Amino acid sequence: MRFVQNKGKDAGKTGPHPETGLVSGRSSIRAALHALADLLSPPCCLACGQILPFSALPLLCADCQAQLRWIEPPLCACCGLPGQEGRGQLCQACRKQRPAFALARSPLLYGPPLREALLHFKFHHDFAWLPSLAALCRASALLADLTVPDWILPVPLHLSRLRERGFNQSLLLARACFPAWRSRIRADLLLRTRSTVPQSSLDGAARRSNLHAAFAVPRKEDVRGKSLLLVDDVFTTGTTVQVCAEALQQAGALRVEVFTPARSVPWLLKPGSPLPAPGQSQR
Ligand SMILES: [Zn+2]
Ligand SMILES: [Zn+2]
């Protein structure tokens with residue numbers, strides 16, 4: 001799959017007023033300018049490079065959108081794992097031991113083209129993907145499951161990793177996915193106090209011991225009694241957000257919920273999985 005840099009024009013800002021439905025003179029001029037810009041420099045699909053007829057988000061052609069695998073109910077009432085029949089039903093892992101977070105939700109499975117998008121964004125500084133990733137997330141009905149948080153906390157990077165990468169992908173995702181809650185985003189409430197090896201290189205108990213005492217809440221009074229939303233890029237085993245949630249619970253948080261754009265469930269990406277086939281569940 002070829003990934004391309006895209007102009008990333010935000011066509012979502014044009015069109016009728018969201019409440020009145022009227023198109024103002026200014027927005028109609030903006031729409032005309034966007035149309036002209038599209039004519040001069042046509043938008044391309046971020047995943048395959050195919051020219052798109054217009055620059056509405058997400059910048060993905062129909063074929064690439066059809067590859068997305070949306071997560072939809074029934075799912076575990078707690079961790080959001082799809083395929084759990086029955087309202088309020090918990091998956092086996094959550095029945096065995098309830099996580100420190102009250103709820104976790106992810107709109108999409110970690111498969112193509114989302115996986116490549118997140119990897120390019122995270123490791124190749126391909127920020128053109130960000131508005132489209134956020135548009136996909138905001139289209140998911142699962143966002144309605146989240147409690148309105150007092151604070152949104154991006155999963156922190158250690159300072160050495162932050163300097164090396166230059167940005168915290170979770171902070172940028174939080175800003176892009178929750179623009180209406182932007183003033184609630186706090187990157188100073190949860191800190192990573194020691195450098196750890198990437199979780200993706202480990203499995204099982206090693207993931208847990210890798211993160212032992214890796215997070216700290218510097219000012220407990222700021223999270224005590226608060227409802228918090230943790231944001232990370234991918235929910236794989238849930239160990240990272242579990243360890244973060246434990247630190248926040250120990251600091252007195254009232255409730256911790258988790259949002260990640262993607263959830264890794266490898267067995268659900270296999271052909272014949274119980275989720276809708278690619279293309280049957282697009283929005
Ligand atoms: Zn495409
Ligand atoms: Zn669960």
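The values are calculated or read from the model by the stated rules, or taken from the named source; none is laboratory data. All values derive from a computational prediction rather than experimental measurement. Neighbour counts run over all protein chains shown; Cβ positions are idealised from the backbone, glycine included.
A residue that is buried (at least 16 other Cβ atoms within 10 Å of the Cβ) and in a helix (DSSP H, G or I) occurs nowhere in the stretch 147-164. Taking residues in the stretch 54-81 that are within 28 Å of residue 237 (Cα to Cα) and in contact (Cβ under 8 Å) with a residue 60 or more places away in the chain, and partners anywhere that are of a type in the set (Val, Ile, Thr) and within 13 Å of ligand 2 (Cβ to nearest atom), the pairs with Cβ atoms closer than 9 Å and at least 6 places apart or on different chains are 71/265; 79/258; 80/71; 80/258; 81/71; 81/265.
The rows are residues; the columns are (1) charged (D, E, K, R); (2) outside the structural domain of residue 60 (by TED's automatic domain parsing); (3) under 24 Å from residue 60 (Cα atoms).
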| site | (1), (2), (3) |
| --- | --- |
| 117 | no, yes, yes |
| 122 | yes, yes, yes |
| 150 | yes, yes, no |
| 155 | no, yes, no |
| 159 | no, yes, no |
| 169 | no, yes, yes |
| 172 | no, yes, yes |
| 177 | no, yes, yes |
| 181 | no, yes, no |
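Screening residue 46 with (1) surrounded by fewer than 19 Cβ atoms within 10 Å (Cβ to Cβ); (2) under 23 Å from the mean Cα position of the chain (by Cα); (3) aliphatic (A, V, I, L, M); (4) within 11 Å of ligand 1 (Cβ to nearest atom) gives one miss only, at (1). So which residues in the stretch 65-107 are within 16 Å of ligand 1 (Cβ to nearest atom) and either crowded, with 22+ Cβ neighbours inside 10 Å or not in a helix (DSSP H, G or I) (or both)? Result: 68, 69.
Scanning the stretch 257-283 for residues being at pLDDT 90 or above and either surrounded by fewer than 16 Cβ atoms within 10 Å (Cβ to Cβ) or under 12 Å from residue 67 (Cα atoms) (or both) gives a total of 0. The condition (being away from ligand 1 (no atom under 16 Å from the Cβ) and either within 19 Å of residue 240 (Cβ to Cβ) or out of contact with any strand residue (DSSP E or B) (no Cβ under 8 Å at 6 or more places or on another chain) (or both)) is satisfied by just one residue among 57, 142, 133, 157: 157. Output the residues belonging to the stretch 57-84 that are under 15 Å from residue 269 (Cα atoms) and within 16 Å of ligand 2 (Cβ to nearest atom). The answer is 71, 72, 81, 82, 83.
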